[in-house]
1. Can you name the residue in the range 32-82 that is hydrophobic (A, V, I, L, M, F, W, C), free of Cβ contacts under 8 Å to residues at least 40 places away in the same chain and over 17 Å from Met3 (Cβ atoms) and is also least open to solvent (accessible area, probe 1.4 Å) among such residues?
2. Identify all residues within the range 9-23 that are of a type in the set (A, V, I, L, M, F, W, C) and open to solvent by 70 Å² or more (accessible area, probe 1.4 Å); write none if there are none.
3. Can you pull out every residue in the range 1-26 that is of a type outside the set (A, V, I, L, M, F, W, C) and not in a helix (DSSP H, G or I)?
4. Test Arg29 against the stated conditions and say whether it is open to solvent by 70 Å² or more (accessible area, probe 1.4 Å) and within 19 Å of Ser16 (Cβ to Cβ).
Amino acid sequence: IAMWTDPAWRGRGLASQVLTALVAWAAPRDLPLVLDVAVGNSAARRAYEAFGFVSTSRRRPLRDGSTELVEQMVLAGALRRG
């Protein structure tokens, strides 16, 4: 599943609202939150980092044959759980 925000709606906290809802759903189930962010998408990276996600430094192609790379990020608490 991917998340993308129309440029006209960016900067309004929508990513934070979506992530808050995901945490509210995942936390009671003890599920870690892991996401990929496109390398070079600094705006998305800043939003995820502000929410508490940290890089695992793992990179992979966006899809088979793609030259675009994504980097894995996890919610900081997920690192402590293992």
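1. Ala76
2. Trp9, Leu22, listed by residue number.
3. Thr5, Asp6, Arg10, Gly11, Arg12, Gly13
4. Spelling it out, it is not the case that Arg29 is open to solvent by 70 Å² or more (accessible area, probe 1.4 Å) and within 19 Å of Ser16 (Cβ to Cβ).
The values are calculated or read from the model by the stated rules, or taken from the named source; none is laboratory data. Just so we're clear, the structure is a prediction, and the values are computed from it rather than from any experiment. Note that we place each Cβ from the backbone using ideal geometry, even for glycine, and neighbour counts take in every protein chain shown. Keep in mind that these areas ignore ligands, DNA and RNA; they rest on the heavy atoms of the full protein, side chains included. Shrake-Rupley method; radii C 1.70, N 1.55, O 1.52, S 1.80 Å.
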